[in-house]
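First the structure, in the form of structure tokens, and then the observations on it.
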Amino acid sequence: MKITEVENILFNPLFTSNLLKYALCGAKGNKLKLEVIYYILPLLYNEQIKTKLAKSNSRSSFKTFFSIDIKREVIGIEELLKNYNKKSKEALITLANLHSIEFSSYVSLKEKIEIQYSQEPDSQLREYYKAAFNLGNILSKEDYKKIFYSF
């Protein structure tokens, strides 16, 4: 399989928009600061971070989430943002075409979406969706200006 084919599968806009949808559904008020949205894909595509997020729960915060190993992984995220910027925009456009989304200083789901990642039959997808949901929950609890400066 060619690299471009693998990339098309991994970064399929329907899948990446689903990740954003799950993150928004996990966030308080179904909304996240626009700047924070661009961190979702790079964080979820990091295997170590995704695994830890999938094991998190609704009481998790950045303070409880950031262990030494996760801090090491997050250090490179700023550089990855440039690489994921286009994919995040494509995911946002796809999400806006599928659901009612409001864009301002926040990205908000304007409609109530019932999601249950636990009913996803594919275990790999279920892990991604749960990690995205928990990430949205964690990101919505923090001051967006201080999220990655707290360590």
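The values are calculated or read from the model by the stated rules, or taken from the named source; none is laboratory data. Keep in mind the model is a prediction, meaning the values are calculated, not measured. Positions of Cβ are generated from backbone atoms using ideal geometry, with glycine treated the same way; all protein chains shown enter the neighbour counts. Remember, those area values only see protein heavy atoms, side chains included, never the ligands or the DNA or RNA. Shrake-Rupley method; radii C 1.70, N 1.55, O 1.52, S 1.80 Å.
Quick notes on this one:
- Of all the listed residues (V107, V74), the sole one being within 22 Å of D143 (Cα to Cα) and either of a type in the set (K, R) or modelled with pLDDT of 90 or more (or both) is V107.
- Taken residue by residue, the range 133-148 has no member that is in a helix (DSSP H, G or I) and over 17 Å from the mean Cα position of the chain (by Cα).
- Unmet requirement for I37, which otherwise passes all of (1) farther than 25 Å from K112 by Cβ; (2) among the β-branched types (V, I, T); (3) touching a residue at least 40 places away in the same chain (Cβ under 8 Å): (1)
- Members of the range 73-92 found to be of a type in the set (A, V, I, L, M, F, W, C), surrounded by 13 or more Cβ atoms within 10 Å (Cβ to Cβ) and more than 13 Å from L19 (Cα to Cα), listed by number: V74, I77, L80, L81
- If the condition is being outside any loop (DSSP other than H, G, I, E, B), in contact (Cβ under 8 Å) with a residue 40 or more places away in the chain and not aliphatic (A, V, I, L, M), then the range 53-70 contributes F62, K63, F65.
- Considering the range 9-35, the residues that are of a type in the set (D, E, K, R) and open to solvent by less than 50 Å² (accessible area, probe 1.4 Å) include one that is modelled with the lowest pLDDT, namely K33.
- T51 meets all of the listed conditions (1) under 23 Å from Q124 (Cα atoms); (2) touching a Lys or Arg at 6+ places or on another chain (Cβ under 9 Å) but one, namely (2).
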